[in-house]
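Some notes on the structure that comes next.
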Amino acid sequence: MVDVPTLVEQARQGAPRAVARLISLVEGASPLLREVMAALAPLAGNAYVVGLTGSPGVGKSTSTSALVSAYRRAGKRVGVLAVDPSSPFSGGALLGDRVRMSDHASDPGVYIRSMATRGHLGGLARSAPQAVRVLDAAGCDVILVETVGVGQSEVEIASQADTSVVLLAPGMGDGIQAAKAGILEIGDVYVVNKADRDGADATARELNHMLSLGESRGPGDWRPPIVKTVAARGEGIDEVVEALEKHRAWMEEHGVLGTRRAARAAREVETIAVTALRARIADLHGDRRLDTLAERIVAGSLDPYAAADELVAGLTGEG
């Protein structure tokens, strides 16, 4: 029997096993999930959530690990949510970023969790927002959310983080051209990693040119900076942290941080509601109500949209 209040209190005190158990309850959609979220609600809302995204091979895990080191030097407690592709066999995380961040494994001020996408598109796991809330309530000052290697359409991180970091690297072919319609439109900070390679300056220049072609910015608007790094050696990471802190300060000054977090909460509520409605509709397969609607559509006495309206009304009690 799980004692949720005790588990939450232990997590609040930084017990890694308690944090792991809570995230497991989230991932497994446990019947206790509502009780867990109710207990966490008054404790969350203090962490700074940073999303890191980019194409495979740009060094997201190495950059995340370097950022963890920088924030730990500043005395911050750090949570890492590393989203990996799912194994088609077990459904588990395929790559396991914890292996690549082993330098922090023994640090009690760092909690690292790999999550599988389990088929969810957008670069994140479906339960990522709730997992972030667990880390937030557990006292993490900064939460780094590393997405699965993404393409131009997988930009969900922009709606789940306070600040989105887009990573690129030289020698990735026409990566900027391919990504311009997607991930290059969501960044608050851009990082050209592996800057010791040939072409790093050209990549930064091309990126700067593309950003200048974007929507016009007025006085006082945030202009995303471009930072060059060699994450494997820790070079440029302090400059990334500085850029992140400047963006956070700008958001607080202009009221953007609160607006983003409110929008994030609204999307989370919508997702939970839609998921619940889908589950109820799925339960209707073989139900006579659905069969009756289908028969009326085939007979031409009802159109599919009107049938869907009747179905939703019946499920929500509005009919």
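The number of residues in the stretch 155-178 being open to solvent by less than 20 Å² (accessible area, probe 1.4 Å), under 21 Å from residue 263 (Cβ atoms) and either modelled with pLDDT under 90 or out of contact with any Phe, Trp or Tyr (no Cβ under 7 Å at 6 or more places or on another chain) (or both) comes to 5.
With respect to (1) more than 28 Å from residue 46 (Cα to Cα); (2) modelled with pLDDT of 80 or more; (3) open to solvent by less than 50 Å² (accessible area, probe 1.4 Å); (4) charged (D, E, K, R), the lone exception for residue 268 is condition (1). Within the stretch 1-15, the only residue that satisfies the criterion of being among the charged types (D, E, K, R) and either open to solvent by less than 60 Å² (accessible area, probe 1.4 Å) or touching a Leu at 6+ places or on another chain (Cβ under 8 Å) (or both) is 12. Criterion applied to 44, 18, 82 was being modelled with pLDDT of 85 or more and open to solvent by 10 Å² or more (accessible area, probe 1.4 Å), and the one residue passing it is 44. Applying the condition of being under 21 Å from the mean Cα position of the chain (by Cα) and among the acidic types (Asp, Glu) to the stretch 220-256 and asking which residue is nearest to residue 142 (Cα to Cα) yields 245.
Which residues, counting only those in the stretch 194-249, are polar (S, T, N, Q), modelled with pLDDT under 95 and surrounded by 20 or more Cβ atoms within 10 Å (Cβ to Cβ)?
Of everything in the stretch 194-249, just one residue is polar (S, T, N, Q), modelled with pLDDT under 95 and surrounded by 20 or more Cβ atoms within 10 Å (Cβ to Cβ), namely 203.
The criterion of at least 3 residues that are in contact with an Asp or Glu (Cβ under 7 Å, 6 or more places away or on another chain) is met by the following helices (runs of 4 or more DSSP H) wholly inside the stretch 1-87: 60-73.
Determine, yes or no, whether residue 299 is open to solvent by less than 50 Å² (accessible area, probe 1.4 Å), over 29 Å from residue 129 (Cα atoms) and modelled with pLDDT of 90 or more. For residue 299, the condition - open to solvent by less than 50 Å² (accessible area, probe 1.4 Å), over 29 Å from residue 129 (Cα atoms) and modelled with pLDDT of 90 or more - is not met. When you look at residue 293, is it open to solvent by less than 60 Å² (accessible area, probe 1.4 Å) and closer than 30 Å to residue 127 by Cβ, yes or no? So residue 293 fails the test. On inspection, residue 36 does not qualify as surrounded by 19 or more Cβ atoms within 10 Å (Cβ to Cβ) and closer than 16 Å to residue 112 by Cα.
Considered as a group, the residues in the stretch 276-315 that are touching a residue at least 24 places away in the same chain (Cβ under 8 Å) and not basic (Lys, Arg) include one that is nearest to residue 159 (Cα to Cα), and that residue is 277. Reported count of residues in the stretch 131-154, each being surrounded by fewer than 24 Cβ atoms within 10 Å (Cβ to Cβ) and at pLDDT below 90, is 5.
The values are calculated or read from the model by the stated rules, or taken from the named source; none is laboratory data. Since the model is a prediction, treat every value here as computed from it, not as a measurement. No Cβ is skipped: glycine too gets one built from the backbone with ideal geometry, and neighbour counts run over all protein chains shown. With ligands, DNA and RNA removed, areas are computed over all heavy atoms of the protein, side chains included. Shrake-Rupley method; radii C 1.70, N 1.55, O 1.52, S 1.80 Å.
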